[in-house]
1. In 10 Å bins starting at 0, how do the alpha-carbon pair distances of segment 89-166 split up by percent?
2. Have a look at segment 28-166 and give its Rg and Dmax from the Cα atoms, expressed in angstrom.
3. Roughly how tilted is helix 149-158, in degrees to the nearest 10 and between 0 and 90, from the longest Cα axis of the chain?
4. Tell me the mean residue ellipticity at 222 nm calculated for the chain from its helices only (DSSP H runs of n ≥ 4, each -39500 (n - 2.57), averaged over every residue, nearest 500).
5. Where the centroid of each part is defined by its Cα atoms, how far is segment 26-67 from segment 129-147 in Å?
6. Say a paramagnetic label sat at a point 7 Å from the Cα of residue 117, along Cα to Cβ; which residues of segment 35-65 have their backbone N under 16 Å from it?
7. Please give, to one decimal in nm, the separation of the simple spin-label points placed at residue 81 and residue 162, each 7 Å out from Cα toward the Cβ.
8. Per-residue counts of other Cβ atoms within 10 Å, averaged by peptide: what ranking do you get for 101-107, 65-71, 55-61, highest first?
Ligand code: PNS
């Protein structure tokens, strides 16, 4: 039987516990999950694509069937080049649904053979987003419960907060 591969695309700027939660849910469903870090997201990223990949790789080092790479262009093209049958996306709150539904339908129009699989985050991650943790971290707030230590350390360094107690 051929391998069932999924891609998990995103900005991952930086990786949060919400992203890792979705990955953990996708892992038992697919033989291999390829995390696709979008090289040039529309939103100006805090971290370079290399930095975002390094952070994600540090977080998935123990996850046997997960790979991390970057991509540019359309997600459906990335999925096709990877041999994926599915695009994994996480859902947190109802407000995520509208844009995610729109994106899934557009992706289906672009390539009907790749399905989007939505996975629900856990309650503890409902309010976790990269944008929120960046803002809170930048302003000196504690985000240890929302993002892995590598992300927190990298953000604090970017914001010039090293050594500053939380
Ligand atoms: O983590 P994000 O920023 O919510 O991820 C958004 C992402 C990367 C999944 C989306 O912007 C995307 O797929 N970009 C690639 C370009 C593309 O395929 N656009 C059409 C989608 S309808």
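1. For segment 89-166, the pair-distance distribution reads 17, 35, 25, 18, 4, 0.
2. Over segment 28-166's Cα set, Rg and Dmax evaluate to 16.3, 51 Å.
3. 60 degrees
4. It comes out at -12000 deg cm²/dmol, rounded to the nearest 500.
5. When both Cα centres are located, 19 Å separates them.
6. Flagged as within label range: 35-36, 64-65.
7. Inter-label distance under the simple model: 3.4 nm.
8. Per-residue mean Cβ counts within 10 Å order the peptides as 55-61, 65-71, 101-107.
Throughout, read-outs are computed from the coordinates displayed, never taken from laboratory work. As the structure is a prediction and not an experimental result, all values here were calculated from the model. Neighbour counts are summed over all protein chains in view; Cβ atoms, including those assigned to glycine, are modelled from backbone coordinates with ideal geometry.
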